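Take a look at the structure set out below.
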Amino acid sequence: MRKFTKLISENISKANQYTKDQEEQVEYALRVLIFETLKIIGSIIIFSLIGYPIQAIVAIITMCAIKPYIGGYHEDTQLKCFIAMLIILASITYLSLYVSLPFMSKVILSIVVFFAIWHQAPIINPAMPLTKKELINRNRILGLSLTTIFIFIALTFSGYVVISNTILWTLIISTILMFNKRSR
């Protein structure tokens, strides 16, 4: 796969007369796009086969929308990341199906999620640190805005239990995973 992305990035760079740095950026972006797409498609296929495609799709959409802006949990290999994603999706699916929350509990948990993200986001990944204050502030604002939108959807569509619960549990677990660092 890496040879394939290298070849494509070289062709794109030649055609656009990119510098070596720009070529590396193209290769990295292409690699991330391909690996993330494969993990998402693989997860949706697996959860469709076991009968929970809606939960997987809703959780993935929610995670893909907020995680780039709030930060949090990362694995160091693509395989570990895929396995972690499957475990997280299975947890979200189980909780959304078997833990029934009254509306007021959803409101309280939504406030806690918003409060935690307000005070912690974005969590900076040491492997790809954001150093510019304006980028950190932009991610914070986008993370809070998108979280607010998803909270609104989860609470407004509370009658659609599968969607509402899946969004809420995804937000809760994503927020919990912001706090995954341990000191060594």
Looking across region 1-10 at residues that are within 26 Å of the chain's Cα centre (by Cα) and open to solvent by 100 Å² or more (accessible area, probe 1.4 Å), the single one that is modelled with the highest pLDDT is Phe4
Any residue in region 75-83 that is open to solvent by less than 40 Å² (accessible area, probe 1.4 Å), free of Cβ contacts under 8 Å to residues at least 12 places away in the same chain and part of a helix (DSSP H, G or I)? no
Conditions (1) at pLDDT 95 or above; (2) closer than 20 Å to Tyr160 by Cα -> Leu101 fails only (1)
Sort through Val58, Val113 and tell me the only one that's within 13 Å of the chain's Cα centre (by Cα) and modelled with pLDDT of 90 or more. Val58
Looking at region 11-31, is at least one residue assigned to a helix (DSSP H, G or I), under 24 Å from Leu146 (Cβ atoms) and open to solvent by less than 90 Å² (accessible area, probe 1.4 Å)? yes
For region 97-118, which positions are under 24 Å from Pro53 (Cβ atoms) and surrounded by fewer than 18 Cβ atoms within 10 Å (Cβ to Cβ)? Leu97, Tyr98, Val99, Ser100
Within the group Tyr69, Tyr94, which residue is loosely packed, with under 15 Cβ neighbours inside 10 Å, of a type outside the set (Val, Ile, Thr) and assigned to a helix (DSSP H, G or I)? Tyr94
So, of the residues in region 23-39 that are touching a helix residue (DSSP H, G or I) at 6+ places or on another chain (Cβ under 6 Å) and among the hydrophobic types (A, V, I, L, M, F, W, C), which turns out to be nearest to Leu89 (Cα to Cα)? Phe35
Residue satisfying condition, being of a type in the set (S, T, N, Q), free of Cβ contacts under 8 Å to residues at least 40 places away in the same chain and not assigned by the TED database to the domain that holds Glu36, within set Ser145, Ser110: Ser145
Checked Ile88, Ile123 against criteria (closer than 27 Å to Ile40 by Cα and at pLDDT below 95); the one match is Ile123
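The values are calculated or read from the model by the stated rules, or taken from the named source; none is laboratory data. The shown structure was predicted, so the numbers you read here are calculated from the model rather than taken from an experiment. Every residue, glycine as well, gets a Cβ built from its backbone with ideal geometry; the counts of neighbours run over all protein chains shown. For accessibility, only protein heavy atoms count, side chains too; no ligands or nucleic acids. Shrake-Rupley method; radii C 1.70, N 1.55, O 1.52, S 1.80 Å.
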